[in-house]
Amino acid sequence: MAGRISKETIDAIVSQTDIVSVVGEYTKLERRGPNDWWGCCPLHGEKTPSFHVDGNNRFFNCFGCHKGGTVITFLMEMEKTSFTETVSSLAKRSGIEIKYEDGYKPSQTFKQDDTIPQLLELYDRTATMFSYFLLETEQGKEALKYALNRGLSREIIEKFKLGFAPADRRWLKAFLRKKNYSDAFLAKSGLFSKNYPDITIFSNRLMFPIFNRKGQVVAFSGRAMPPDDKERKYINSPELPTYKKRDTLFYFNFAKNAIRQSGKAIVCEGNMDCIAYHQSGIEYAVAPLGTAFTEEQIKILAAFADTILLSFDSDEAGQAATKKAILMCRRNNLTARVITLKGGKDPSEILNKFGKENLTAQVNSAILDSDYFLLRLGEKYPTDTPEGKTRAALEYFEYIDSLQSDMQKESCLEQLCQAYNLKPEAVKRDFNNRNQAKARANFRQEIKTNQENAQTEQNEQIIIDAELKGLIAVTADLNQFTVLRQNLTENDLRNPYAKQFFRTLEECYTENNFSIGAILSKCNNPGLVNLITEVLSSELYKNTSNIDAVLKDTIKLVKKNKLDDQRCRLLQRIRSYTVVTEDDRQQLNKLLAEKLELDRQVQKLQK
């Protein structure tokens, strides 16, 4: 079929791409045979390795989530990209030319969306200019001095491509226009003010490029320099097609190898903290980006590490962030430790005052999260009183709830009793009673949710007519979709569910990912999915003659409905037409001729 990537190209990508290397970018793999690798599944998250990669036969399989396939399948699952996008990415990685069936060339029928590559090119070019201003110009002199005074070496500044955005807010637009970027594209780039499109949002700021996991610049974080640092000390890029804050970690591209090798990661509060750790040789440090530490970021780290070291500020906001991060780590079955820095307010200050050996020693002395909680609660509540002990214990129960192991929970309950001199029987009774009450509340909420969902499903009755029957019949013999799309389009259909499903089939077909699994995955209507799987499991379309008959009936009916609609609109025009002149009479005759032709086509379909 013209337009499809050739089978030879796909086979070449699968056979020539090192699947172990690709998967290894997402999870830590251990060799158990000559080319047999195992690790924790990055697709669903787990603690016990059940994810297998066969390097010789070039496939993966997870015994936990039951997903498997080639390197193409893996990247599609991990990056949530289409088949075509994934194949293009892997072909570029392996230096393979993409060939199409029947000599097809993409430019013949469509122009590929180049927004993402354009954004990547734009941000790389802009980062290079910012770096030039910082290192080579008089305008960046003060910002460079600030960075050096914060203990950053020139080597680190160059490695992380730090830069400076000049105070002139109009220079960037003028510069990029000369590089042939359109105003419409730049308006969507995230670099300029929405209200004043010629003005950049970054001015007089030390610039920190934000990289994706492949090392491509996708955003910026800018720190204000005096005298502009009184308000909004940091400004970060908005979210873009290439950049989602919740799914990105600052310097993860630089840290991932060290995280994989050490099995641990430091999560710190800000850009400068992260850089200070890297400059000290502690290269497994990352940071969130203008938001709290998220579940998505936890899952990125969980594929490589089993221990998270938290390095947040000692103020109330920092301690609240630490508590939240600990609970998230434990819910994801990760060990959490807390770095309590002494001698300075942040890693950068400690590095400048005492050197990297001191900072490394403090990292190595990080305390277990359970010890941190008990120390923190002991400072927060008067644990020499019954009331204080009770409040501390109730808050500590939250931490115990997040633990995934019953043995860990038992051990931490004992630790709580020892720390605050409590009777184990009373503590366990309160903990169990609290959990039982919580379970009852959760059960009641679950019943309510199920009732609401059932009511919603009941309200949304899927209309099963000839249109939908024909589309579902196609799923029993996917080769028939070529017949369907040659005769009908989405706009020819009346049933909204049929239109939705036709769109799903068309997307899978054009993406060259036309299989039952892909169709069900792309169909986002649970009712439709249930209906399709029910039909496929039945005997209804086991006989291909049944499929042919249903498909022919569907095509005939849809075409007749379309002609009826056209005929109805034409009749309305004829009835409302007023003849005054000879031209009016001729025009009316044309309309009547059109009606006769439509009548003839309808009669033909009815035969």
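Of note:
- Any hit, the stretch 98-110, residues being modelled with pLDDT under 85, part of a helix (DSSP H, G or I) and under 21 Å from the mean Cα position of the chain (by Cα): no
- Restricting the stretch 367-381 to residues that are of a type in the set (A, V, I, L, M, F, W, C) and open to solvent by 10 Å² or more (accessible area, probe 1.4 Å) leaves a set whose member that is farthest from Met407 (Cα to Cα) is Leu375.
- Here Pro197, Pro209, Pro238 are screened, and the one residue that is at pLDDT 90 or above, farther than 21 Å from Ile298 by Cα and buried (at least 21 other Cβ atoms within 10 Å of the Cβ) is Pro209.
- Contact map, the stretch 351-363: first residue over 11 Å from Gly281 (Cβ atoms), second residue surrounded by 12 or more Cβ atoms within 10 Å (Cβ to Cβ), Cβ cut-off under 6 Å, separation 6 or more or different chains; pairs are Asn352/Gly151; Lys353/Gly344; Gln362/Leu341.
- Glu357 satisfies every condition listed in (1) in a helix (DSSP H, G or I); (2) crowded, with 22+ Cβ neighbours inside 10 Å except (2).
- Enumeration of residues in the stretch 568-590 that are touching a helix residue (DSSP H, G or I) at 6+ places or on another chain (Cβ under 9 Å) and either exposed (fewer than 15 other Cβ atoms within 10 Å of the Cβ) or at pLDDT 75 or above (or both): Leu571, Arg573, Ile574, Tyr577, Thr578, Val579
- Residues satisfying the stated conditions in the stretch 114-154, i.e. of a type in the set (Lys, Arg), closer than 19 Å to Asn271 by Cα and not in a loop (DSSP other than H, G, I, E, B): Lys145, Arg154
- Qualifying residue in the stretch 249-265 (condition: surrounded by 22 or more Cβ atoms within 10 Å (Cβ to Cβ) and in contact with a Pro (Cβ under 9 Å, 6 or more places away or on another chain)): yes
- Filtered by the rule that a residue be among the basic types (Lys, Arg) and closer than 17 Å to Gln297 by Cα, the stretch 212-235 gives Arg213, Lys214.
- Among the residues of the stretch 270-310, the ones that are closer than 15 Å to Phe160 by Cβ and of a type in the set (Ser, Thr, Tyr) come to 2 in all.
- Checking each residue in the stretch 338-354 for being over 36 Å from the mean Cα position of the chain (by Cα) and under 22 Å from Thr307 (Cβ atoms) picks out only Lys342.
- Within the stretch 18-33, the set of residues being more than 21 Å from Ser262 (Cα to Cα) and at pLDDT 85 or above comprises Asp18, Ile19.
- The strands (runs of 3 or more DSSP E) located wholly in the stretch 195-260 that include 3 or more residues which are in contact with a Lys or Arg (Cβ under 7 Å, 6 or more places away or on another chain) occupy 205-211, 217-224.
- Selection within the stretch 295-336: residues that are under 16 Å from the mean Cα position of the chain (by Cα) and open to solvent by 10 Å² or more (accessible area, probe 1.4 Å). The member of this set that is nearest to Tyr399 (Cα to Cα) is Glu295.
- Pairs linking a residue in the stretch 299-317 that is over 17 Å from Glu30 (Cβ atoms) and in a helix (DSSP H, G or I) to a residue that is open to solvent by 10 Å² or more (accessible area, probe 1.4 Å) and among the β-branched types (Val, Ile, Thr), with Cβ atoms under 9 Å and 6 or more positions apart or on different chains, are Ile300/Thr248.
The values are calculated or read from the model by the stated rules, or taken from the named source; none is laboratory data. Everything quoted here is computed from the prediction, not taken from an experiment. Backbone-built Cβ (ideal geometry, glycine too); neighbour counts: all protein chains shown. Note: areas computed on protein heavy atoms with side chains; ligands, DNA, RNA excluded. Shrake-Rupley method; radii C 1.70, N 1.55, O 1.52, S 1.80 Å.
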